[in-house]
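The values are calculated or read from the model by the stated rules, or taken from the named source; none is laboratory data. Note that the structure is predicted; figures quoted are calculated from it, not measured. Using ideal geometry, Cβ is built from the backbone for each residue, glycine included, and neighbour counts are taken over all protein chains shown. For the accessible areas, the whole protein counts, side chains as well, though only heavy atoms, and no ligand, DNA or RNA atoms are used. Shrake-Rupley method; radii C 1.70, N 1.55, O 1.52, S 1.80 Å.
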Amino acid sequence: MDGPLGNPQPADAAAPARTNAGSSGHDRARRVHLPSDLDPTVFDETFLRQLERLQVLMRAPVRGGLKGGRRSVKRGQSVEFADFRDYALGDDLRQLDWNVLARLEKLFIKLYVEEEDVTISFLIDTSASMGSGRPSKFLFAQRAAAALGYIGLASEDRVAVTTLGGRAGRRQVALRGSGRVFRLLSALSAIAVAEGPTDLQAAARHAGAQLSGRGVIVLLSDLLDPHADRVIRELAATGSELIVLHLLSPQELDPALEGDLRLVDVETGDGVDVTVDLATLDSYRQRLDTWRDGFADLAARRRATYVPLSTVVPLSDLMFAELRRRQVVG
Amino acid sequence: MPFVAPLALLGLLFIPAVIAMYLLKLRRAETVVSSTLLWQRLVADVEANAPWQRLRRSLLMLLQLLLVLLLALLAARPFLERPAGLATDLVMVIDTSASMGATDVSPDRLTAATQKAIEALRDLPAGGKVSVVAAGRTARVVVNATADLGRVRAALEGLRVSPATGDLGDALVLADALASRSGDAEILVATDAALAIPPTTRIEHTVKVLQVGRDGRNQAIVALAVRQGASGVSRSVFVSIANLALQTAQRRLQVFGDGVLLEARDLLLDPQTRAEATIDDIPFGVAVIEVRLDRSGGAPDVLALDDRAWAIVPPERLRRILLVSDGDPYLETALTYLPNTELYGVKVADYGPATHPELFNLIIFEGTLPAELPATPVLSIAPTSSSVLGEVVGTLKDPAIGSLDPAEPVLRYVDLSTTHVGTAVKLALPAWARTVIPGPAGAPLLYAGTVSGRPAAVLAFEPRLSDLPLQVAFPILVSNLVGELMGGSSTPSQALEPGSPVTLPLPAGATGLKVTKPGGETVDLQPGTPGGGSASFSQTDQLGVYSAVPILDASATPNSAAPVVTATPSTTATSSAATGLASPTPVPTPPSADPNAPVRFAIDLFDPAESNIIPGSAAAIVALGGGLTSGPDRSAGSAPLPSAPSGSPAPSSASPAPSGASAGAGAGAGAGAGAGAGAGAGAVTDRPAARDELWIPIVLLVLLVLMVEWLTYQRDAATRLWRAMRARVGLAPPASPGTGTPATHESRRDR
């Protein structure tokens, strides 16, 4: 953060920030006035401006709802030529190719690419295990969702945020338009880690049922659930494009444990007696790698994108390097 | 396996304690983690490999149990028994004479001998006691009947070569006396058998010899003297060098005067011969002559002790003698021949306080004695009345001279066998004096001593009333006597043997002497009697030049010096009355020589027999042992003990007859020798075996187990260290902390 965030403004007031994108000389001089209900630790102004240049890529054109900035499978009104077809009765004569008619004396109608919007759904795991780790996995998920959501709004896409806690997926917000970015951020700030055990499979299934049409699903979770693979399988089966951001803290990747310990699960309270030594840690790391490789294989089979992440990765690196490299954003 | 302390095996009771500690439920620290999902699967894997994992977990316990076992074993002190090769009571005689400093064996013979002696201790039976006698110039008991072998080893290693002629016979007699305290005793001698004084006394107990030394190449300075030339001006140094080797030797002789090289000569020495060298014209003022024998291209000799010698140039001290007499030409003539001496004379009637007797170093009263004796040394000749010097009890006619003491310094080189005395005063020997020339019926003819702090002597007859002045002995006797009284002869001008005591004169006003040894150490000496005129110094255990400086009494020094100066003018008038004497110069001046100047004396080896380091016959020493048995049998079976002690135990275990003398040294003690031998044989039968304690391998094993236990406990740290080292040398990548992006999988496939 560059400065204090006082003097709250309506969310639409953030529009000028976008118009000034690219004028880096004025970036530091101009301030964006953020709403007070936004978690001030999430973004700063420079970061937001950098996000404006990104866009969420999709592998294939999708059928959207409203007119948007994304190629659609439908033919419609735009400036980009797509194809010809024979004239049929009732066609708009304005689309007739008069040049062809003059040359060949045949009637052809010019078709153009239709541009529509898609829905980017963020499924954020709010189980108790997400609250652990330094830096916190949940905080990392909030910021990553906010960053990607901002890109989506800037690309005239619909952005929906759903939390997975307990056994249910609760839609927090569904927005469209770049002017709604602060509502998105406020909504993300407001969600918290759920108490008690979470059935990730049931919650994801519940959230998947709420999706309408094909779009992009971004799952942000530590996948520390015995049925995490089913979650990926079921979400990938919805027809939407699935992006799994697998978040793990450094304490989970490389535990600093030693000696005779009783490890207590923060979510369930179950304990495991273990004697941790170097050999045990080696086995743990091996098992962790195998576990993550399993997710990666599953995602590859289901045409999903699997991104294993450590919460120590800076968000800028995540957005501009890691996700770009994996062609999640471009 | 027998144990010295079997009760210590109770330490094995700690084994259940160790097991109990492992059986107690482990209290684990609770740690909250985000999920136990992965850990549960890990534990499942571990349990799948349970047998090995269980064994690995219990490895520490097994090692600790082994450690307890080994420590208990160590505390119990297990040992192996083998037949003892030595008697229960062992007396070790270590030759520390000068020849043991020879370096023909590394590092020298004494060290090699002590090492052999220490190795021989392994054959000592359990509970055996050891005494150690150092055989230097005199025998010295270093350790007396101790079972503490560590103390014996320390004492043996602490022995030093004494630069003196050794007397092994004296040490053997002492060792025999020590051995007599026990029924089963023997004497072990460690020597090179190059003996200056071959022992001849037969001793009762068995003697074994550990012999060292193999080479006899040695050249030695065997004599050194400084002589004044006939003119009395020039001085010469006489050196005698002996080649005691069996080969021709080439040596360089270097003569130093007060540390400055005066002359160097190369000498070619034939085998077993002596060579003399004379170096003339020693510069005036040189006080100490040092002679060194250096190698000159040839092979070096192996004994350095006798390659240096020192001599003291006699000091040019002017001494004054006052003769109070009515005239005795014989005595006056004899006195005038004394070097560095001024003779003054005064008539008996003219002697008085005005004569200033304190200005003289010696006053001789002939036929008279004043009522009050001066404080200076006094020689009284034929006193007429009783005094503190002696009680006159009569007159002797033609007294016969009694048996003389050959060790009496006053009579050195004095032959009185043809001397006859006409008339003498019969004196009673006072308590302070010793008889020098005994007379008839206990009446001494000459006695000397120290009375009231002053040297004094009394001659009972006037020389002119005997035929002594007509004999060669007279001037020698006068010289010795005057030297004794003035302290001149007691200051050793000739070299002394190491270890011999030295009597040093104490100048007036001095309370003691500070003697500086050649090594630089200083010793403060006090006179034997308060106010005595001399002090005895016996720490002459180093070769070289000793220097003695008077310790002056700070308060008395100025007072004693003052009268000498003020009395000088009046002496002229008094002494002018002296007439008819041979040297009537009546003007004594203050002494030119400083009486407080340091007195030097030299200690030199000068013993060709000791310098002859060719190893002798050990069998001759062995043959001295077992005096109660028949000699020829013993000598036939005598042989030096083999140097390796391991070869000795077998015979004594096979039969009690050899009495533990492994190489046959005590072979005669077997069948039917004397009673003593029989007793010895009985003792040998009951002799306990030697013990080899096994603590060294056990300690090594304990250390090994400790190391394995530590490595097992710290295996993680060791593994990390190993990985870090491999990573550093590029053999393996460093352990990845898991950045969250496994490089193995790219989930998005290329389209």
Exercise for review: Name the one entry in B:LEU369, B:LEU404 that is assigned to a loop (DSSP other than H, G, I, E, B), out of contact with any helix residue (DSSP H, G or I) (no Cβ under 9 Å at 6 or more places or on another chain) and closer than 30 Å to B:ASN340 by Cα.
Suggested key: B:LEU369
Point to revise | Which numbered condition B:VAL302 misses (of (1) open to solvent by 40 Å² or more (accessible area, probe 1.4 Å); (2) at pLDDT below 90) | key: (1)
Point to revise | Some residue of segment B:264-281 being modelled with pLDDT under 85 and of a type outside the set (Val, Ile, Thr) | key: yes
Check your understanding: Which one of the conditions (1) crowded, with 19+ Cβ neighbours inside 10 Å; (2) at the interface with chain B (Cβ under 7 Å from one of its Cβ atoms) does A:ASP270 fail to meet, given that it meets all the rest?
Key -> (1)
Check your understanding: Within the set of pairs 6+ apart or on separate chains, which have a first residue in segment A:130-141 that is modelled with pLDDT of 90 or more, a second that is among the basic types (Lys, Arg), and C-beta atoms under 7 Å apart?
Key -> A:MET130/A:LYS137
Exercise for review: Identify all residues within segment B:107-156 that are more than 18 Å from the chain's Cα centre (by Cα), over 22 Å from B:VAL4 (Cβ atoms) and of a type in the set (Lys, Arg); write none if there are none.
Suggested key: B:LYS116
Review point. Which number in (1) under 27 Å from B:ILE312 (Cα atoms); (2) in contact with a helix residue (DSSP H, G or I) (Cβ under 6 Å, 6 or more places away or on another chain); (3) surrounded by fewer than 21 Cβ atoms within 10 Å (Cβ to Cβ); (4) not aliphatic (A, V, I, L, M) marks the one condition that B:PHE238 misses?
Key: (2)
Point to revise | Residue, most open to solvent (accessible area, probe 1.4 Å), within segment B:416-432, restricted to residues that are in a loop (DSSP other than H, G, I, E, B) and within 25 Å of B:VAL388 (Cα to Cα) | key: B:ALA431
**Study point:** For B:SER162: the one exception among (1) farther than 23 Å from B:ALA623 by Cα; (2) surrounded by fewer than 24 Cβ atoms within 10 Å (Cβ to Cβ); (3) polar (S, T, N, Q)
**Key:** (2)
Review point. Does A:ALA236 satisfy the condition of being more than 24 Å from B:THR36 (Cα to Cα), surrounded by 17 or more Cβ atoms within 10 Å (Cβ to Cβ), touching a residue at least 12 places away in the same chain (Cβ under 8 Å) and more than 11 Å from chain B (Cβ to nearest Cβ)?
Key: yes
Exercise for review: Enumerate the strands (runs of 3 or more DSSP E) found wholly within segment B:189-292, keeping only those where 1 or more residues are within 31 Å of the chain's Cα centre (by Cα) and closer than 23 Å to B:ALA602 by Cα.
Suggested key: B:219-228, B:235-243, B:249-257, B:260-269, B:273-279
Practice item. Quick one: count up the residues across segment A:159-181 that are in contact (Cβ under 8 Å) with a residue 60 or more places away in the chain and crowded, with 23+ Cβ neighbours inside 10 Å. Key: 1
Exercise for review: Among the candidates B:TYR351, B:TYR344, B:TYR413, single out the residue that is open to solvent by 80 Å² or more (accessible area, probe 1.4 Å) and of a type outside the set (Gly, Ala, Ser).
Suggested key: B:TYR413
Exercise for review: Kindly indicate the residue of segment A:273-285 that is closer than 21 Å to B:ARG723 by Cα and acidic (Asp, Glu) and also surrounded by the fewest Cβ atoms within 10 Å (Cβ to Cβ) among those meeting that condition.
Suggested key: A:ASP282
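Let's see how each residue does on (1) at the interface with another protein chain (Cβ under 9 Å from one of its Cβ atoms); (2) more than 20 Å from A:SER310 (Cβ to Cβ); (3) open to solvent by less than 60 Å² (accessible area, probe 1.4 Å):
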{"position": "A:ARG230", "(1), (2), (3)": "no, yes, no"}
{"position": "A:SER240", "(1), (2), (3)": "no, yes, yes"}
{"position": "A:HIS246", "(1), (2), (3)": "yes, no, yes"}
{"position": "A:SER249", "(1), (2), (3)": "yes, no, yes"}
{"position": "A:PRO255", "(1), (2), (3)": "yes, no, yes"}
{"position": "A:GLY259", "(1), (2), (3)": "yes, yes, yes"}
{"position": "A:LEU263", "(1), (2), (3)": "yes, yes, yes"}
Study note, to complete from the structure: The one condition B:ALA147 fails out of (1) crowded, with 22+ Cβ neighbours inside 10 Å; (2) aliphatic (A, V, I, L, M); (3) over 15 Å from B:MET100 (Cβ atoms) is (1)
Check your understanding: Across segment A:286-330, which residue is most open to solvent (accessible area, probe 1.4 Å) among those that are in a helix (DSSP H, G or I), more than 20 Å from A:PRO135 (Cβ to Cβ) and touching a helix residue (DSSP H, G or I) at 6+ places or on another chain (Cβ under 8 Å)?
Key -> A:ARG287
Review point. Just checking, how many residues over segment A:138-168 are within 15 Å of the chain's Cα centre (by Cα) and either within 14 Å of chain B (Cβ to nearest Cβ) or under 20 Å from A:ALA194 (Cβ atoms) (or both)?
Key: 14
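With respect to B:THR111, determine if the residue is closer than 30 Å to B:GLN211 by Cβ, modelled with pLDDT of 90 or more and open to solvent by 40 Å² or more (accessible area, probe 1.4 Å).
Numbers: closer than 30 Å to B:GLN211 by Cβ: yes; modelled with pLDDT of 90 or more: yes; open to solvent by 40 Å² or more (accessible area, probe 1.4 Å): yes.
Taking the combined requirement at face value, the residue satisfies it.
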Study note, to complete from the structure: In segment B:514-530, anything open to solvent by less than 30 Å² (accessible area, probe 1.4 Å), touching a Leu at 6+ places or on another chain (Cβ under 8 Å) and under 25 Å from B:ARG308 (Cβ atoms) is listed as B:VAL515
Point to revise | Qualifying positions in segment A:211-228 - of a type in the set (S, T, N, Q) and loosely packed, with under 15 Cβ neighbours inside 10 Å | key: A:SER212
Revision key, fill the gap. (1) of a type outside the set (D, E, K, R); (2) open to solvent by less than 40 Å² (accessible area, probe 1.4 Å); (3) farther than 27 Å from A:LEU253 by Cα; (4) assigned by TED's automatic domain parsing to the domain that holds A:THR268 all hold for A:SER129 apart from (3)
**Study point:** Selection count where residues are free of Cβ contacts under 8 Å to residues at least 60 places away in the same chain, more than 8 Å from chain B (Cβ to nearest Cβ) and among the polar types (S, T, N, Q), scope segment A:281-320
**Key:** 2
Exercise for review: State which residue is least open to solvent (accessible area, probe 1.4 Å) when the search covers only segment B:1-26 and only residues that are in a loop (DSSP other than H, G, I, E, B) and under 17 Å from B:MET61 (Cβ atoms).
Suggested key: B:LEU26
